[in-house]
Amino acid sequence: MNYSPYFNKKYETLDRSQIEALQLERLQRTVAHCMNSPFYKKRFEEIKLCPEDIQSLDDLKRIPFTTKQDLRDTYPFGIASVPLERCVRLHSSSGTTGNPTVILHTQKDLDEWANALARCMWMVGLRPTDVFQNSSGYGMFTGGLGFQYAAERLGMLTVPAAAGNTKRQLKFITDFGTTAVHAIPSYAARLYEVMVEMGIDPRRDTKLTTLLIGAEPHSEEQRRRIEEMLGVKAYNSFGMSEMCGPGVAFECKEQNGMHIWEDYYIVEIVDPQTLEPVQDGEVGEMVLTTINREAMPLLRYRTRDLTRIIPGPCPCGREHKRIDRMKGRSDDMIILKGVNIFPIQIEQVLLQFKELATDYLITLETSDSNDEMSVDVELSQLFTDDFGRLQSLTREITRRLKDEILVTPRVRLVPKGSLPKSEGKAVRVKDLRKHF
Ligand code: COA
Ligand code: AMP
Ligand code: ZN
């Protein structure tokens, strides 16, 4: 069967002037719709902005930035632009001590999300004849349900394997003839390691051709190494829960930057200090405005992700702008095993234990292809050296941390004063992860 190269030709082949005309129309509609959000209504009133003031794309700059803190302050539903009864799902970030963030979706939002991500998968050549396996966590992780609905929308046979249990994942891959897998890059390495242990040769024993990798930073070298190990083409996928999840930007077959779907988002790159726009080609913080969302549109959302617009046209012909692979963050968020963690979450859990002093050190390491976190924490001077009590305290801290950050850290209790200080200041995070 001959399939079109486009999942949605109408939107994928828009030229720049058509993209901008559509963006303005959708931005105007979105800003008017945001008047239904208690948060945005108040904000617009404060700066005396009316929806009619948005007459050009340039007028977007009149709208203040929205931040993660705004989402926390309005937890759980204060930014919504529709009544709750119109919403059919929410996704929430980890965390119990501070307010997590919540993103609400109407049925239309979920449909549009599935369409956007199906478009991405179609763009890299996946077709209904493919068998797609998803190794993301389901539940609140948007990579789970997000890829699930999009793969079904595209018409693939879909294997919702979910995270972990690598031997079983590999059995699915070999038995079901899986051709495409979604995995975070560090887990792709784990899949290969276990293949080697099990005597599986990916080229000989599987039908794998395509890997979709995202959710954590990785380099071009890491991508090439994954491709070589697994005998696949690996395509970079960018998404974030605040923007729905995966499907925001995706590499095309050129593998040179990720097209950001400009019929869904307006992208700005700003200097994270001055918040002024930088030139195309220069690295800055990505700011995104959703222009195709009902339940909870976000205007000028500061992603904290550092990247740049790749100047010039893409040989694939799509005029949707391309962003480069992520270069880091403008905050201290850690991404471990595809899970986002803020050091403050760890600190807040540790502070609940009177047996502990205030200094701690988070170390991120790779051991046997697994990324791990250890947390060394100083005991308060007064605490016991009774081994049994120390062991049960370690277990309790580990459990409470896992509840908070969703991954299991290795906790070590160390004597007061023994953790390294740099120029008198405590060093909080050491990232020693090595991939490949
Ligand atoms: N994707 C798939 N599997 C993963 C994974 C990931 N991101 N991170 C870890 N795993 C696997 C491990 O390899 C291990 O399986 P194995 O021993 O059979 O190889 C298993 O999950 C447990 O991992 P472990 O590191 O022992 O557990 P943890 O308690 O520290 O981590 C997880 C808990 C795995 C549940 C948590 O890291 C998770 O759900 N990660 C998925 C996040 C995700 O999907 N992010 C994408 C969002 S788009
Ligand atoms: P989440 O909200 O859990 O989906 O996490 C979103 C964050 O994951 C983003 O803000 C990025 O920091 C990170 N991320 C997502 N995709 C990528 C990618 N392809 N490369 C690097 N980091 C990514
Ligand atoms: Zn392209």
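Read-outs: derived from the displayed coordinates by stated rules, not from any lab. All figures in this text were calculated on a predicted structure; none of them were measured in a lab. Cβ atoms come from the backbone with ideal geometry, glycine included; neighbour counts cover every protein chain shown.
Brief remarks follow.
- Length gained when the stretch Asp111-Tyr3 is fully extended (0.36 nm per residue, less Cα-Cα span): 36.7 nm
- A simple spin-label model places the labels of Asp331 and Glu254 3.2 nm from each other, with each point 7 Å out along Cα-to-Cβ.
- A Förster radius of 51 Å combined with the Cβ-Cβ distance from Glu228 to Ala21 puts the calculated FRET efficiency at roughly 0.70.
- Computed [θ] at 222 nm, deg cm²/dmol, the chain (DSSP H ≥ 4; -39,500 (n - 2.57); rounded to nearest 500): -9500 deg cm²/dmol
- Under the simplified labelling scheme, the Thr408-Val283 pair shows an inter-label distance of 3.6 nm, with each label point 7 Å from Cα along Cα→Cβ.
- Rg/Rh for the stretch 1-144, where both radii come from Cα atoms and Rh is the Kirkwood radius: 1.02
- Among the trypsin sites (Lys or Arg not before Pro) in the stretch 375-436, those placed in a DSSP loop whose Cβ has at most 12 other Cβ atoms within 10 Å are Lys434.
- Whole-Hz Karplus values for the stretch 390-396 come out as 5, 5, 6, 5, 4, 4, 5 Hz, taken residue by residue from phi with 6.51 cos²θ - 1.76 cosθ + 1.60 and θ = phi - 60°; glycine and proline positions read x.
- Cα-based radius of gyration of the chain once divided by 2.2 N^0.38 Å, which approximates compact folds: 1.03
- Spin-label pair Lys10-Arg204: with each label point 7 Å from Cα along the Cα-Cβ axis, the two points sit 5.0 nm from one another.
- Rounded, prolate or oblate (a/c below 1.5 giving rounded, otherwise prolate when a/b exceeds b/c) for the stretch 100-174 by Cα gyration tensor: oblate
- Scanning residues 5 or more positions from Val429 or on other chains, those with amide H under 5 Å from its amide H are Ile362, with H placed 1.01 Å from N in the peptide plane.
- The simple Förster model, with R0 at 56 Å and r as the Cβ-Cβ distance, assigns Cys50 and Asp324 a FRET efficiency of 0.95.
- The calculated pair-distance distribution of the stretch 334-431 uses every alpha carbon pair, bins of 10 angstrom beginning at 0, and gives 15, 50, 30, 5 percent.
- Here the stretch 5-53 and the stretch 377-436 have alpha carbon centers that stand 47 Å from each other.
- 3J(HN,Hα) from dihedral phi, the stretch 177-190, Karplus parametrisation 6.51/-1.76/1.60, rounded to Hz, x for glycine, proline: x, 4, 9, 9, 10, 9, 8, 6, x, 5, 6, 4, 5, 5
- Rounded to whole Å, the principal axis extents of the Cα atoms in the stretch 250-312 read 34, 33, 16, largest first.
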